[in-house]
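**Student:** Provided herewith is a single structure, encoded as structure tokens, for subsequent inquiry.
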């Protein structure tokens, strides 16, 4: 079976993990956490990066730093992972969903302004498949209405928009280093902070509500409980595993791009024949090959293709069920305007195997199997 995903492994991770064990420092905020934070700051230009236990944790910290309160409203796409919404629901917010763009599957920036009310506090653009939302438009709206912007850049490490790193344009950015992402620590994430005014409180929230970070820097003579918070620090073992990959990020990125480009080239003729749709990359965007997906004509064809690929030992998967149609989505949110594309496009989308080290014979088999599926339906292809 050709797996949909294989967690990234470069080969130097074990060396760094062994170093952690030898240093007798396996809890959080050791040298490897700092090295990962520094890498993110240097790569993105963000003012401050803090490694977290997950992207979910980063989003929850961002919601706290936004000072979200009950009855506040937060605007986002419904086509996203549940954590994007949950982080704000936990603070009592109402989620206002707007429709997506069918070309990128990102939030439709033209529909955001109409969703703003006196209760709106923040906009949360999620960059699907590592392809940026139209951040110029979103940031302009946020500025005019005095709203905060939290980028869910879980899939966006190494991607850019107009030369700027995803996650480093809004007030806060959130990365994921889950095993399904381009760079992994098993479970993990990072919070990116643009405004230095938020850094001190972010450190306190991350350290169980204590000012321990200030204590370790010698800024206070003892640390104590000063605010609410939780334990958002990952283990040094996880950070060491991640740093092994971040130190080779360009090589991993190039390998993934090679696979992505192969899919694009070999499946483009099927797109030209209007049998499938393939990803669209806007001119201002540089993507990170996080995902290659195709869109079938409808959900019936997609499910048939999934079955066909499974019969040929290839794992392909659909993605999110739109949040606004879920039980909790109906309870905690509302859809502003019409659902023209969110549900329809989500039912057509199918993700293909893509990971670091994907073998050429495997990707060839994936491509040939897709072609054969459509030949069976239309023998003249």
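**Student:** Tell me, please, whether a residue that is modelled with pLDDT of 95 or more and within 17 Å of residue 153 (Cα to Cα) can be found in the range 24-37.
**Tutor:** Within the range 24-37, one or more residues are modelled with pLDDT of 95 or more and within 17 Å of residue 153 (Cα to Cα).
**Student:** Further question: Please verify whether the range 279-286 includes one or more residues that are touching a helix residue (DSSP H, G or I) at 6+ places or on another chain (Cβ under 6 Å) and either farther than 26 Å from residue 176 by Cβ or in the same structural domain as residue 351 (by TED's automatic domain parsing) (or both).
**Tutor:** No, because not a single residue in the range 279-286 is touching a helix residue (DSSP H, G or I) at 6+ places or on another chain (Cβ under 6 Å) and either farther than 26 Å from residue 176 by Cβ or in the same structural domain as residue 351 (by TED's automatic domain parsing) (or both).
**Student:** Is there a residue in the range 89-102 that is touching a residue at least 40 places away in the same chain (Cβ under 8 Å), surrounded by fewer than 21 Cβ atoms within 10 Å (Cβ to Cβ), not assigned by TED's automatic domain parsing to the domain that holds residue 349 and not in a loop (DSSP other than H, G, I, E, B)?
**Tutor:** Looking for residues that are touching a residue at least 40 places away in the same chain (Cβ under 8 Å), surrounded by fewer than 21 Cβ atoms within 10 Å (Cβ to Cβ), not assigned by TED's automatic domain parsing to the domain that holds residue 349 and not in a loop (DSSP other than H, G, I, E, B), one finds at least one in the range 89-102, hence yes.
**Student:** Moving on. Could you tell me whether the range 257-264 includes any residue that is under 30 Å from residue 15 (Cβ atoms), touching a residue at least 60 places away in the same chain (Cβ under 8 Å) and not assigned by TED's automatic domain parsing to the domain that holds residue 20?
**Tutor:** So far as the range 257-264 goes, yes, one or more of its residues are under 30 Å from residue 15 (Cβ atoms), touching a residue at least 60 places away in the same chain (Cβ under 8 Å) and not assigned by TED's automatic domain parsing to the domain that holds residue 20.
**Student:** Based on this model, can you work out whether residue 118 counts as buried (at least 24 other Cβ atoms within 10 Å of the Cβ), outside any strand (DSSP E or B) and assigned by TED's automatic domain parsing to the domain that holds residue 191?
**Tutor:** no
**Student:** So for the range 265-275 (the condition being surrounded by 14 or more Cβ atoms within 10 Å (Cβ to Cβ), touching a residue at least 60 places away in the same chain (Cβ under 8 Å) and closer than 23 Å to residue 56 by Cα), does at least one residue qualify? Quick ask: steps written out before the conclusion?
**Tutor:** Taking the range 265-275 as the starting set, the residues that turn out to be surrounded by 14 or more Cβ atoms within 10 Å (Cβ to Cβ) are 266-267, 270-271, 275.
This time we only want the ones that are touching a residue at least 60 places away in the same chain (Cβ under 8 Å), so: 266-267, 270, 275.
Checking the rest, the ones that are also closer than 23 Å to residue 56 by Cα come to none.
Checking the range 265-275: not a single residue is surrounded by 14 or more Cβ atoms within 10 Å (Cβ to Cβ), touching a residue at least 60 places away in the same chain (Cβ under 8 Å) and closer than 23 Å to residue 56 by Cα.
**Student:** Look through 41, 60 and report the one residue that is without any contact (Cβ under 8 Å) to a residue 24 or more places away in the chain and under 17 Å from residue 153 (Cβ atoms).
**Tutor:** Only one candidate qualifies: 41.
**Student:** List the helices (runs of 4 or more DSSP H) that sit entirely inside the range 247-362 and contain at least 3 residues that are closer than 20 Å to residue 3 by Cβ. It would help to see each step written out before you state the result.
**Tutor:** On the way: elements: 249-272, 299-311, 327-332, 342-346.
The qualifying helices (runs of 4 or more DSSP H) are 249-272, 299-311.
**Student:** Next up: Run residue 123 past the list (1) touching a strand residue (DSSP E or B) at 6+ places or on another chain (Cβ under 7 Å); (2) crowded, with 24+ Cβ neighbours inside 10 Å; (3) in a loop (DSSP other than H, G, I, E, B) and report the number of the one that doesn't hold.
**Tutor:** The failed condition is (3).
**Student:** When you scan the range 20-50, how many residues do you find that are out of contact with any strand residue (DSSP E or B) (no Cβ under 7 Å at 6 or more places or on another chain), surrounded by 15 or more Cβ atoms within 10 Å (Cβ to Cβ) and outside any loop (DSSP other than H, G, I, E, B)?
**Tutor:** 5
The values are calculated or read from the model by the stated rules, or taken from the named source; none is laboratory data. Since the model is a prediction, treat every value here as computed from it, not as a measurement. Here the Cβ is made from the backbone with ideal geometry for all residues, glycine too, and neighbour counts use every protein chain on show.
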